[in-house]
Amino acid sequence: MRLTAIHYAADSINLFEFRPVNGSPVAAFEAGAHIDVHLPNGLVRQYSLVNSQDERHRYVVGVKRDPNSRGGSSYLYERLSVGTVLKVGGPRNNFRLHESAAHTVLLAGGIGVTPIWSMVQRLERIGHSWELHYATRRRSETAFAEELARCGDRVHIHVDDEFGGAVMDIGAIVAKVPSTAHLYCCGPAPMLASFEAATRSRPRGQVHVERFSSSTPVASSAGYLVELARSGKVVAIAPGQTILEGLRAHGINVPSSCEQGVCGSCETKVVSGIPDHRDMILSEEEKASHRTMMICCSGSKSDVLVLDL
Ligand code: FES
């Protein structure tokens, strides 16, 4: 796809628009979905789609300029210019909107507003009940401010600076949410921790989180074999290696990106064996089914793990 435009959305947040080089329609996508942007420096980064799901001529993603960038946002901001052609994968969705909910409560922090804004557009489109609580550090860092202002009192923006640096009170927000509502949160790690603490007593199927990083250590204990069902190859995973690293060491490349179990790029079907799940994407039910796994971070509880590779 070609990078066709870069627009300012807020301080340190730009919107990047990609259109197919050949003018064909883009693949349909749902609220909460992201694309994989393959950068010329070899990195692959996931960015949430922020344009309307009705649009089929382009993808638009919101990207925050990260001062601690590992090469993703700094490349997009400093080296990428309009007109550049890039490989774009997806769309994929690890943060699905449950459209049957009677009421939806959305919580966003900073750049975490991007998948949440996508959900707001969808909920508006289908006329469902929703409310948004969006925290930013400074007013100038509030993305989609004009659009959100048109949504009236369903939108609650908390600017830390205007409260003497105090962060949004997630416990107080969640306490008022009806028991049948679904709740969604995307933001920095401390915000997600507060959200998880506040929602602990609610049914798991009604609580949804999108993460940028993982605090769970990867599985790196050795002593098991990985068999590749399609080629018949067998790889012994060495001490300290993840499955992804073990396969790479044998010249077997599987798509990957975050290598922390938060993006879903490396999801692989399990033919047999018992994975040791360490990702932040699969639900407890999906993990218990042993049908699929993220091989960048998860290991094996069985001596042999057969993967659909
Ligand atoms: Fe992101 Fe495995 S590479 S989940």
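Rolling a 1.4 Å probe over the protein heavy atoms of the chain, with every protein chain left in place, gives an accessible area that is 49 percent carbon and sulfur. A cut-off of 5 Å between modelled amide H atoms, ignoring neighbours fewer than 5 places along the same chain, links VAL207 with LEU183.
Solvent-free Debye calculation, one equal scatterer per alpha-carbon of the stretch 104-210: log10 I(q)/I(0) at 0.10, 0.14 Å⁻¹ equals -0.25, -0.50. Mind listing P(r) for the chain? All alpha-carbon pairs, 10 Å bins, whole percents. Pair shares across the bins are 6, 25, 31, 25, 11, 2, 0.
For the peptides 145-152, 89-96, the ranking by packing is 89-96, 145-152, with the highest mean count of neighbouring Cβ atoms within 10 Å listed first. Would you look at the GNM of the chain, springs on alpha carbons closer than 10 Å, and say which of TYR134, TYR224, TYR47 moves the most? Among TYR134, TYR224, TYR47, the largest GNM mean-square fluctuation belongs to TYR224.
Taking the empirical scaling 2.2 N^0.38 Å for compact globular proteins as reference, the stretch 2-92 has a Cα radius of gyration ratio of 1.01. For the set LYS269/LYS301; LYS64/LYS269; LYS64/LYS301, the pairs lying more than 27 angstrom apart at their alpha carbons are LYS64/LYS269; LYS64/LYS301. With R₀ fixed at 25 Å, the C-beta to C-beta distance from GLU99 to SER179 puts the FRET efficiency at about 0.85.
Near GLU285, once Lys and Arg are set to +1 and Asp and Glu to -1 for all other residues with Cβ below 13 Å from its Cβ, the sum equals +1.
GNM on the chain, alpha-carbon springs under 10 angstrom: the most fluctuating residue among ILE111, ILE295, ILE126 is ILE126. Sequentially through the stretch 189-199, phi angles give Karplus couplings (6.51, -1.76, 1.60; θ = phi - 60°) of 4, x, 5, 5, 5, 5, 5, 5, 5, 6, 9 Hz, Gly and Pro residues having no value and appearing as x.
Phi angles across the stretch 143-153 convert, under the Karplus curve 6.51 cos²θ - 1.76 cosθ + 1.60 with θ = phi - 60°, into 3J(HN,Hα) values of 7, 6, 4, 5, 5, 5, 4, 6, 8, x, 7 Hz, Gly and Pro given as x. For ALA135, the amide hydrogen comes within under 5 Å of the amide hydrogens of ALA108, GLY109, GLY110, HIS158, counting only partners 5 or more places away or on other chains and with H modelled in the peptide plane. In this label model, SER283 and VAL21 are separated by 4.0 nm, measuring between points 7 Å along each Cα→Cβ vector. Taking all protein chains together and a 1.4 Å probe, the residues HIS34, HIS7, HIS98 rank HIS7, HIS98, HIS34 from largest to smallest accessible area. Proximity of backbone amide H atoms, modeled 1.01 Å from N, is registered between ALA9 and ASN14, LEU15 at under 5 Å, excluding neighbours fewer than 5 places apart on the same chain.
Compared with the dominant Cα axis of the chain, that is its longest principal axis, helix 113-126 is turned about 70°. Couplings for the stretch 247-263, taken from phi via the Karplus curve 6.51 cos²θ - 1.76 cosθ + 1.60 with θ = phi - 60°, read 5, 4, 4, 9, x, 9, 9, 10, x, 7, 8, 5, 6, 10, x, 10, 10 Hz in order; Gly and Pro are left as x. The residues of the chain have, on average, 47 Å² of accessible surface per residue, using a 1.4 Å probe with all protein chains present.
With R₀ set to 22 Å, the beta-carbon distance separating ASN68 from TYR8 gives a calculated FRET efficiency near 0.55.
Here the extension length gained between ARG138 and ALA238 equals 31.3 nm, from 0.36 nm per residue of separation less the Cα-Cα distance. Taking a ≥ b ≥ c as the square roots of the eigenvalues of the alpha-carbon gyration tensor, the stretch 224-307 is classed oblate because a/c is 1.5 or more while a/b is no larger than b/c.
Across the chain, the relative contact order, built from alpha-carbon pairs under 8 Å that are at least six residues apart, equals 14 percent.
The values are calculated or read from the model by the stated rules, or taken from the named source; none is laboratory data. Everything numeric in this text was worked out from a predicted model, so none of it was measured. In this analysis, Cβ positions are derived from the backbone assuming ideal geometry, glycine residues included, and neighbour counts consider all displayed protein chains. Please note that ligands, DNA and RNA were not included when accessible areas were found on the heavy atoms of the full protein model with its side chains. Shrake-Rupley method; radii C 1.70, N 1.55, O 1.52, S 1.80 Å.
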